[in-house]
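First up is the structure itself, then whatever we jot down about it.
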Amino acid sequence: MAKANKPDSAPIDLPGDAPPEEATKTPEPTGMAALTRGREVLQAALRNIPQQPGVYRMIDSRGDALYVGKARNLNKRLQAYAGARGLATRILQMVGQTRAVEVVSTHTEVEALLLESNLIKRLKPRFNILLRDDKSFPYILLRRDQAWPQLAKHRGARNRPGDYFGPFASAGAVNRTLNTLQRAFPLRSCSDTVFEARTRPCLQYQIKRCTAPCVGRTDAQDYARLVNDARDFLSGRSQEVQRQMVAHMQAASEAQAFERAAGFRDRLRALAHIQSHQGINVAGIDEADVLAVHQEGGQSCVQVFFFRAGQNWGNRPFYPSHGREDGAGAVLAAFLGQFYDDKAPPREVLVNVELPERAILEQGLSVKAGRRVHLIWPQRGVKRELVEQAQANAREALSRRLAESGSQRRLLDAVAELFGLEGPLERIEIYDNSHVQGSDAIGAMVVAGSEGFCKSAYRKFNIRNAALTPGDDYGMLREVLTRRFQRLFKGDDDEAADRVDRRIAGEWPDLVLIDGGAGQLAVARAAFEELGINDVPLVAIAKGVERNAGREQFHQPGKPPMLLEPRSPALYFLQRLRDEAHRFAIGSHRLKRGKSMVRSALDELPGVGPKRKRALLHHFGSLRAIRQAALADLQAVEGISHGVAQKIYDHFNTGAS
């Protein structure tokens, strides 16, 4: 990130402004009065704002960022807002909500661009164009810190020594590539603990996807040759690797080593399979990202294709949040800054529209990469074909999304009408519990909205209340709801105003759906009353007679139970919500129970405390491997003496377990 001059980063105090705690008690102006107040704030701030590059933040009455922007001249940019002439309605609304301005001056406009992108990603101001779904991308890692290098999928910080190849568009794209790579270059993919504990070849060796270096079925020289071939192929030297394989196959065939020749033949077929799935022709493209934006219905889709080493490593759509008046160029420019804020851009970035301030964006990307990056809007040739292909994908993806969201919106409206709720439903939270006779109890929350299930908002709650009777579903539900909504408030004084902000931010539910009957509904009502919540509708969905799907009863406070028509789309939708909560709760419970079973089995081992448990798990990787380990393997674990190893071996091999 660009370094900023700290003296200009403090909020600007305005004459006559009340302290924040008093301002929250004064009714906020609306309409023209709010716009007038916002202009006054900006006019007062202009007296202290320098005429140099930097980043500015519009702040509301609660201290949250409304908008983050960069400017070549901060003073002139804010004068444009203060005049409020010819501004879009959405910008006028932002000015009306502005109660303070913060600025950070920078040395250059490029530094301002980098700082702006970083602040937008961190603060997520609601008047900015926002890249919502920006998960890290997976890579293929060829580790260099081992005698027998491992080929593995990697996501996250690139702090392990080795060669990284990517990014890939998805985990599925990495898995498919790894699966085929192992047929062409049979390198080990197992973890270090499994590798060190092997005493005989595993299934990967049997299906010819590993050369079993763990048990000496290959020597270091042959394995190093495989590693170099894999690195060359992933680095773009695929034709050279193929020529060498063809030569080896022919030599083996002439020497009548037909099994060896068949091995090279199979590896060549695997390489051909990878290349046949690279999509459109990428001749002349070595390292590039292709980005295309398509707009329709007030929404945008940005499709990103990743090309590395002359190969297409997948594509992925993004749907940035923005105002209806934002054009394709503005959306894509904002997307570029946020997308590459935490990742290095490639040597070329191809786009399908002309970008505002393209030269500044190109300089910013070059600073991020530490080398020259070319931002290109191609007009002809292969690069133009790539951009058109990406744009066609963006158009199709957005059409599917609009169709799905339209169907989802109709279902949400049907649910609102069914339960007599006011206003559109934007967020439904569904709660369920899972346990086995009270053990490993988990509470689960799933979230659904106008775009389907929002899995990034799912939450699981480990039940902490030790005073609960095992299997007390009511007590577990009360704990989950209390923790969930207390976390939303976080002790704010003005809870009503906080709820408005939370609803704007999409964190406050429009409907809470409980898996259960009248008893669960009563518990939820009591929990909400204790928290002072009276504006969240509650519905409990109980399984029907003989637990038949389609005969569910719906319970609402103060109303008799209700049945829906078996073929009702709203019923099917509500069943999907309930089943998703049930699936997530059971899955979370099984993970927790599996860990508990491992811990409890190790707890039974004689003479094995916490330190030795960790050593055993780190060495063998799983409880199953410990059970199957030979006595000599157990003795090889650090901290395990011959006597302790004998006790562990006897425990698992004499019927004690």
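Every read-out reported here was derived from the displayed coordinates using simple, explicitly stated rules and does not represent laboratory data. On a predicted model such as this, the values are computed, not experimentally measured, just so you know. Every residue, glycine among them, receives a Cβ derived from its backbone with ideal geometry; neighbour counts consider all protein chains shown.
Before moving on, here are some points about what is shown:
- All alpha carbon pair distances within region 251-403 were sorted into 5 Å bins beginning at 0; the resulting P(r) in whole percents reads 2, 9, 16, 18, 16, 12, 7, 5, 4, 4, 3, 2, 1, 0, 0.
- Computed from the C-beta positions of ALA247 and ASN179 and an R0 of 25 Å, the FRET efficiency is 0.45 to the nearest 0.05.
- Relative exposure of ILE376, ILE586, judged by other C-beta atoms within 10 Å (fewest first): ILE586, ILE376
- Applying 1/(1 + (r/R0)^6) with r as the Cβ-Cβ distance of GLN79 and ARG122 and R0 = 25 angstrom yields a FRET efficiency of 0.40.
- The local environment of LEU46, defined by Cβ-Cβ distances under 13 Å, has a net charge of +3 under the rule Lys, Arg +1 and Asp, Glu -1.
- For the peptides 311-323, 349-361, the ranking by packing is 311-323, 349-361, with the highest mean count of neighbouring Cβ atoms within 10 Å listed first.
- Region 150-201: trypsin sites (Lys or Arg not before Pro) falling in loop per DSSP and having at most 16 other Cβ within 10 Å: ARG155, ARG158
- Charged-residue dipole, Cβ positions (Lys, Arg, Asp, Glu), the chain about Cα centre, Debye nearest 20: 1940 debye
- Additional length obtainable on full extension of the chain from ARG144 to LYS613, 0.36 nm per residue less Cα span: 165.9 nm
- In this simple spin-label model, placing a label point 7 Å from the Cα along the Cα-to-Cβ direction at both ARG567 and ARG132 gives a separation of 3.4 nm.
- Order of GLU479, GLU426 - criterion: other Cβ atoms within 10 Å of each residue's Cβ, fewest first: GLU426, GLU479
- Computed from label points 7 Å out along Cα-Cβ, the spacing between GLU529 and GLN379 is 7.3 nm.
- When the chain is described by a simple charge dipole with +1 on each Lys and Arg Cβ and -1 on each Asp and Glu Cβ, the residue from GLY517, ALA184, ALA394 located farthest towards its positive end is ALA184.
- With a cut-off of 19 Å on the backbone N, the residues of region 133-172 near the modelled label site 7 Å out from SER456 along Cα-Cβ are 133-139, 155-157, 168-172.
- Protection proxy ranking, peptides 446-459, 105-118, average beta carbon neighbours within 10 Å, highest first: 105-118, 446-459
- Candidate values (1) 39.3; (2) 29.7; (3) 25.4 were compared with Kirkwood radius over Cα pairs in Å computed on the shown model; the agreeing label is (2).
- The chain, helix-only ellipticity at 222 nm - DSSP H runs n ≥ 4, -39,500 (n - 2.57), divided by all residues, nearest 500: -14500 deg cm²/dmol
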